[in-house]
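A.B. asks: The structure under discussion is supplied below as structure tokens; questions concerning it will follow.
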Amino acid sequence: MKRPYRSIQQELLGWLLVPICTLWLVTTFSAYSFAARFANDAYDEIMLNSADSIVARILETDHGLMVDLPPAARDILEHNDMDTFFYRVVTLEGKTLSADADLPMPPEAANLPLWKPKFTDARVKGLKTRLCVLKVPVKGSPADEVVVIVAETLKARNHFATEITLSIIVPQLFFILLSAIAVSVGVSRALVPLKILRDSLRNRSQHDLTPIIEEDTPNEVKPLVVAINELMIKLAEDLEAQRRFVGNAAHQLRTPLAGLKTYVALLKRKKQPETTELLDQLDVGMDRLNKLVGGLLALAKAEPSANRSTDMIMTDLNSITGDITNALRAKAESKELSIEFMKNSESATIHGDPNRLQDLVSNLIDNAILYTQKGGAVKVTVDALEHQVKLVIEDNGPGIPPEDRDRVFERFYRVLGTGVEGSGLGLAIVKEIAIMHDATISIESVKPQGTRFIVNFKRSTAPVVNVQTV
């Protein structure tokens, strides 16, 4: 099973810091070992000097050998305040001449060469100590040889070794931290093109399939950008082919549907009782099919790939909305609905395609009429603000549940339980046209019941171009 990848930054930091930290640990161990050996050598030399000083204080008297080591001299031998100092002078027969009788005499001491010190570790009174054992002659006769044993605890040695080790590893630790920071910053800077690419793709409309610019991308990222661009080209070609198919199919269906509609009208004029009901049902079905075909054709025209910049001109939304409201007034009154159009300014200029804007307004008002019960009301408002123009269509119908508000803009999606027949394309067309005009669309609830659709356009101050909408 493959390990899941973390971020590239964490991956690079891991590959860099793991060997560096491992090397640092090895260096720490090696540095402490070196420092411990160095400290032992230095303090062993001091212990040997102490042993030589004690040898110099061995005197021969009438009563035999003795060690003349006054307290002041012993204080000098105890060269640091951290450790406990021990010493012992003993003959080869095991007779202690002076000092600490508890200090052990190594078994091999009698066989040591003269003046050749031996250093070893031992425990004295339960303490870890370092011993220096030195066999020396007193009168030049083997019978008068003595063994001088000097010992001290290890605190000063360990402290000295620790200080040396810290002086080596602490700068290395700072170097590792600085390296980690430098690598992290460097990797972050190196990943900036990827972050820019991510933000560029994230901020794109789902309909924007234009290729990504490759000029400013690093060589390592270019293969990814090229692959994404190739995928976008394929998607754009597939979507364009799909749009052409839907548009052509819808356009081709209109002519036979119109012919069938004419034939049904002619048959209904004959007023034959046995066929009247069937013809009425056929007429309703063809009306529904004709509306669906019209919706598909409008949706194909609203697709971004079908739009041309030359279609976008300065347009007065007041004029379009007022005309559509008047055109649908008869349909509203047939359901005993009141329909009202209001505007707060004589001009509400936006940059847009008049034909597509006509489809947007028509679908929103038609949707409000369709879902508002008999005796209800539909309010249409165009609110021209300083930097935007707001189109508001409000009804007092049953409303749209919050969980369905995002999905109503999907193609062929219809809210269940309304009992209203529809194609499910009207709001999908509205959404496509809003995207085409860089407009935002939102849905709000109306108290005590109802729905409010709000479309926000960017306002333009350029003069309106008078064109005939279709």
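A.B. asks: So the check is Cβ under 6 Å with 6+ separation or different chains; which pairs have a first residue in region 84-108 that's not assigned by TED's automatic domain parsing to the domain that holds Leu134 and of a type in the set (S, T, N, Q) and a second one that's outside any loop (DSSP other than H, G, I, E, B) and surrounded by fewer than 17 Cβ atoms within 10 Å (Cβ to Cβ)?
C.D. replies: Note: no pairs meet the criteria.
A.B. asks: Which one is surrounded by the most Cβ atoms within 10 Å (Cβ to Cβ), of the residues in region 385-411 that are part of a loop (DSSP other than H, G, I, E, B) and without any contact (Cβ under 8 Å) to a residue 40 or more places away in the chain?
C.D. replies: Across region 385-411, the extreme among qualifying residues is Arg405.
A.B. asks: Checking the structure you have, find out if any residue of region 404-418 is at pLDDT 85 or above, among the hydroxyl-bearing types (Ser, Thr, Tyr) and assigned by TED's automatic domain parsing to the domain that holds Ser345.
C.D. replies: No; the residues of region 404-418 include none that is at pLDDT 85 or above, among the hydroxyl-bearing types (Ser, Thr, Tyr) and assigned by TED's automatic domain parsing to the domain that holds Ser345.
Yes/no per residue for (1) among the charged types (D, E, K, R); (2) touching a helix residue (DSSP H, G or I) at 6+ places or on another chain (Cβ under 7 Å); (3) not assigned by TED's automatic domain parsing to the domain that holds Met47:
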| residue | (1), (2), (3) |
| --- | --- |
| Trp115 | no, no, no |
| Lys118 | yes, no, no |
| Asp121 | yes, no, no |
| Val124 | no, no, no |
| Val133 | no, yes, no |
| Pro137 | no, yes, no |
| Ile149 | no, no, no |
| Lys155 | yes, no, no |
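A.B. asks: Return a yes/no flag: does region 319-327 have any residue that is more than 24 Å from Lys458 (Cβ to Cβ) and at pLDDT 90 or above.
C.D. replies: yes
A.B. asks: Among what's in region 92-118 and is in contact with a Leu (Cβ under 7 Å, 6 or more places away or on another chain) and part of a strand (DSSP E or B), pick the residue that is nearest to Arg37 (Cα to Cα).
C.D. replies: Lys118
A.B. asks: Looking at Val378, Val382, Val361 in this structure, which one is in a strand (DSSP E or B) and farther than 24 Å from Pro448 by Cβ?
C.D. replies: Only one candidate qualifies: Val382.
The values are calculated or read from the model by the stated rules, or taken from the named source; none is laboratory data. Just so it is clear, the model here is predicted, and its values are computed rather than measured. Ideal geometry is used to build each Cβ from the backbone, glycine not excepted, and the neighbour counts take in all protein chains shown.
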